[in-house]
Amino acid sequence: MTKLIVDGTEIDVPPEYTLLQACEAAGAEIPRFCFHERLSIAGNCRMCLVELKGSPKPVASCAWGVRDCRPGPNGEPPVVNTRTPMVKKAREGVMEFLLINHPLDCPICDQGGECDLQDQAMAYGVDSSRYSENKRAVEDKYIGVLVKTSMNRCIHCTRCVRFTTEVAGVPELGAIGRGEDMEITTYLEHAMTSELQGNVVDLCPVGALTSKPYAFAARPWELNKTESIDVMDAAGSAIRIDTRGREVLRILPRVNEDINEEWISDKTRHVVDGLRSQRLDMPFVRENGRLRPATWAEAFGVIAAKVKATKPERIGAIAGDLSAVEDMFACKDLLGRLGSRNIDCRQDGAVFNPLFGRATYLFNATIAGIDRADGLMIVGANPRKEAPVINARIRKRWRAGNFKIGLIGERADLTYDYTYLGAGADSLAALADKAHETFERPIWLIGQGIATRPDGNALLSLAARAAMTAGAVADGWNGFSVLHTAAARVGGLDIGFVPGERGLTALHMAKAGGVDVLFLLGADEIDIAPGAFVVYVGTHGDAGAHRADVILPGAAYPEKSGIYVNTEGRVQMAARASFPPGEAREDWAIFRALSDTLGHRLPYDSLAQLRAALFKAHPHLMRIDTIEAGDVADIRRLAGVGGATDRAPFVSPIEDFYLTNPIARASAVMAECSAIAEGLTRTAAE
C-alpha cells in the first residue's frame with residue numbers, strides 16, 4: 001500500500017492506483033470525460049486536473065500513477081489537492097476549451113438530462129467564453145440503425161473508439177484527420193457489426209452518439225425506472241427498464257460485476273419495440289379453420305371439453321425459452337393433477353436432465369470465474385452469438401494474457417484468437433482419450449450445439465470425460481460449464497419440468513400422433529405436426545399462435561414479476577415494470593383460472609402463495625442472487641455414461657442472433673439489424 005495526503009486526509013491505496021482513483025478513495029470528486037474504469041487510459045480531455053505538490057503545473061490524475069508521485073523532502077507522503085484556486089482555474093479553462101466548438105443543442109439533444117458535459121459545465125465551468133470565432137461543423141456519420149450521430153458535439157474523448165476496440169473486439173470506430181479536422185468515424189461510413197455497439201451510447205459523455213430507435217421519445221425525468229433481469233439469453237444481465245405509463249420505452253444496463261459488468265447486448269437494449277408489436281391481447285378460439293376472438297370463459301370451456309375427452313397420457317405441455325419459473329411450476333402442477341407426465345422445457349431437444357445432477361447442466365465455473373481461469377476450451381458453441389456479454393468477458397480475460405483458447409466446432413470470428421482443434425466428435429474424443437496440456441483452472445465451455453443432437457447424451461459424456469482428463473474437474477475448481485441459450489432452461493430443469501417415467505419429450509410430443517392435447521407455454525421454436533389440439537399461452541402472434549386451436553394471451557417479461565435462473569445457476573428476480581395489454585394475464589394466473597374449469601383447482605390464489613409452494617418444493621429458489629453449486633461427483637458419473645457418437649460437425653443452434661424469440665421477431669429494429677448482418681455475411685462469403 002502507498003500513503004497519500006489528499007485534501008488534508010491521509011489514505012493508503014494500492015500502488016497500481018492512478019491519482020484519480022486515489023482521490024476518489026479519499027472521498028474527493030474528480031470530473032472526467034475520457035476516463036472510464038473499464039477502458040484503457042487516454043488522458044486527452046484534461047478535465048481531471050489536480051494539484052500535486054512539487055509539480056510546476058496541474059497533472060492529469062487519470063494518467064498519473066500513485067507510484068510515480070515523489071515523496072516530500074523529508075520522506076512525507078505525496079500531497080494532492082483537488083479544491084485549490086489553481087485546480088478551479090485549470091478546470092474552468094479546460095471546460096472553456098471544450099465548449100469552443102460545442103453547439104447550443106441542449107434543448108433539442110437526446111442526451112439532455114443525462115449529459116456529463118451539461119452537468120460538469122454547470123459544476124466546473126464559467127458563464128462566459130473568450131472565444132468569438134465561428135464554430136467548426138462536422139458532417140454526421142452513418143454507423144448503423146442503432147446509433148445516431150451528431151458529430152458537431154463530439155469532444156474526441158475516444159471512449160467509443162476504445163470500447164469497440166478493447167471490449168467489443170470489433171475495431172470499427174477510429175479517428176481521422178488532425179487538430180481541428182479530427183473526426184470520429186467508421187472510415188467508410190458503414191454499419192457497425194458488433195452485437196455490443198449500443199453501449200457506446202451509454203459511454204458517450206456529450207450526446208454525439210445517441211440511441212437512434214429511442215430518438216426524441218422521452219426525457220429521462222418522465223420515465224419510471226425499474227430494476228430487472230434480461231431474458232434475451234441465459235446470462236441474466238442486470239438491466240433497468242424505463243417506462244412511461246404502460247409503455248416500455250427503453251432498456252439500459254445496470255452494473256453487476258458478477259455477470260455483465262455494465263454492458264448489455266444490442267438485442268437486450270433494442271428489443272423494446274417488439275413488446276408493442278403483434279401482441280396477443282384477448283383469447284382466440286379456432287372455428288372452421290379460422291381464429292376468432294372469444295371470452296376467457298368460452299376459451300376455457302373449449303379447452304375443458306377437449307381435455308376431459310382425452311386420456312391423461314395423451315396430454316402434454318412444452319415450456320418456451322422466456323418462461324418464468326412460477327409459470328412453469330403452475331403448468332407442471334396442473335399437468336400433474338391431470339395425471340400427465342408429458343412435460344418438457346427443452347423445446348430444442350437438448351438432452352440435459354436433472355436426473356444426472358445439477359452440475360451437469362450449469363456453467364459451474366461461473367461467469368466471474370472466467371477472470372480466474374487460465375485456459376478455455378469451447379465445444380459446440382459460438383459465445384459471440386449465444387451470449388455476447390459472456391463473450392466480452394472471455395475477450396477481457398484473453399487480453400490480460402496467459403490465457404489459451406481452443407475451439408471444437410464451427411469456425412467463427414469470436415473477437416479473440418483461438419486454436420482450432422476440429423469440427424466434431426472425433427476431435428473431442430482425441431482429447432478425452434489421451435493426456436494433453438493441462439492447466440490449473442481450465443474451463444470447458446459446452447454449447448447447445450452438442451446437447452441438441454440425437455447423440456447428445458454420448459457427446460456430453462465424452463465432453464465430461466475430456467474435461468476431467470484436462471484437469472477441469474478438481475478439488476476447489478469445477479470448469480465443466482454449460483452455456484445455455486434460453487433464459488428459462490436452468491429454472492425449468494431445476495423444478496423438474498422434464499418428462500416423468502414413460503413421459504414424452506418435446507420432440508416426441510410435437511410429432512404426428514404424439515399427443516392429442518398440447519399446451520404451449522410460449523413455445524414458438526418447435527414445429528407441431530397436424531393432429532394435436534394446441535393451446536398456446538403466450539405474448540405474440542408468432543409460430544405457436546399460428547398453430548394454436550385456442551390462444552390465451554400472457555404477459556411478457558417486463559409485465560410480470562418472475563424468477564429466472566441463469567446459465568451459472570444464479571437465482572434472479574425479474575420485476576414488473578408495466579402491465580400486459582388488453583385482457584392478457586400472467587401465465588401462472590391463467591393456469592390457476594383454467595384449473596377451476598378443469599376441476600383440478602391449484603392450491604394458490606396469489607403469486608405469494610404460489611411462491612410459498614415453489615420454495616417448499618425447491619428451497620434453493622428462495623435465495624435470490626445466490627448460486628447453489630453442483631456436485632463434482634455428478635460430472636464423474638456423466639463421464640461414465642458413454643455411448644456412440646455421430647461424426648457430423650458441431651453447429652451452433654443460433655443462426656440469426658437478432659431473431660431468436662417471439663419478441664425479437666416482432667421488433668422492426670431487430671429485423672433491420674438482421675438484414676444488415678445477413679448482407680454483411682453474404683458479402684464476406686462472396
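The values are calculated or read from the model by the stated rules, or taken from the named source; none is laboratory data. Since this is a predicted model, take the numbers as computed values, not measurements. Glycine also receives a Cβ, built like all others from the backbone with ideal geometry; neighbour counts cover every protein chain displayed. When the accessible area is computed, the model is the full protein with side chains, heavy atoms only, and any ligands, DNA or RNA have been set aside. Shrake-Rupley method; radii C 1.70, N 1.55, O 1.52, S 1.80 Å.
Brief remarks follow.
- Accessible surface comparison of Glu166, Glu525, probe 1.4 Å, protein chains only, largest first: the order is Glu525, Glu166.
- Residue pairs, from the table Lys267/Lys308; Lys135/Lys212; Lys148/Lys396; Lys141/Lys560, whose Cα atoms sit over 30 Å apart: Lys267/Lys308; Lys141/Lys560
- Summary of the geometry: segment 361-390 and segment 102-125, compared by the centres of their Cα atoms, lie 40 Å apart.
- Relative to the current alpha-carbon distance between Met622 and Ile176, full extension at 0.36 nm per residue lengthens the span by 155.2 nm.
- Of all aspartates and glutamates in the structure, those lying under 12 Å Cα to Cα from Lys385, and not within fewer than 8 positions of it along the same chain, are Glu195, Asp233, Asp266, Asp413, Glu655, Asp656.
- Alpha-carbon centroids, segment 149-164 and segment 558-585: separation in whole Å: 35
- Accessible surface of the chain [probe 1.4 Å, protein heavy atoms]: carbon and sulfur percent: 52
- Where trypsin sites (Lys or Arg not before Pro) fall in DSSP loop in segment 422-500, at most 14 other Cβ within 10 Å: Lys434
- For segment 217-368: rounded, prolate or oblate by the Cα gyration tensor [a/c cutoff 1.5]: oblate
- Additional length obtainable on full extension of the chain from Ala668 to Asp371, 0.36 nm per residue less Cα span: 103.3 nm
- Cα gyration tensor category, rounded, prolate or oblate, for segment 434-543 with a/c compared to 1.5: prolate
- A simple packing score, the average count of other Cβ atoms within 10 Å per residue, orders the peptides 318-327, 382-391, 130-139 as 318-327, 382-391, 130-139, with the highest score first.
- Reachable lysines, given that their alpha-carbon falls under 23 Å from the alpha-carbon of Lys311 and they are not under 8 places away in the same chain: Lys332, Lys511
- Antiparallel DSSP beta bridges within the chain, as percent of all bridges there, nearest 5: 55
- Accessible area expressed per residue, segment 1-44, with surrounding protein chains retained (probe 1.4 Å, Å²): 46
- Three-way shape call for segment 390-489 based on the alpha-carbon gyration tensor, with the a/c threshold at 1.5: rounded
- Extension reserve of the Met151-Ala675 stretch, reckoned as 0.36 nm per residue once the Cα distance is removed: 186.0 nm
- Solvent-accessible surface (1.4 angstrom probe) belonging to Leu462, in square angstrom, nearest 10: 10
- Ordered from highest to lowest accessible area with the whole protein assembly present and a 1.4 Å probe, Met377, Met1 read as Met1, Met377.
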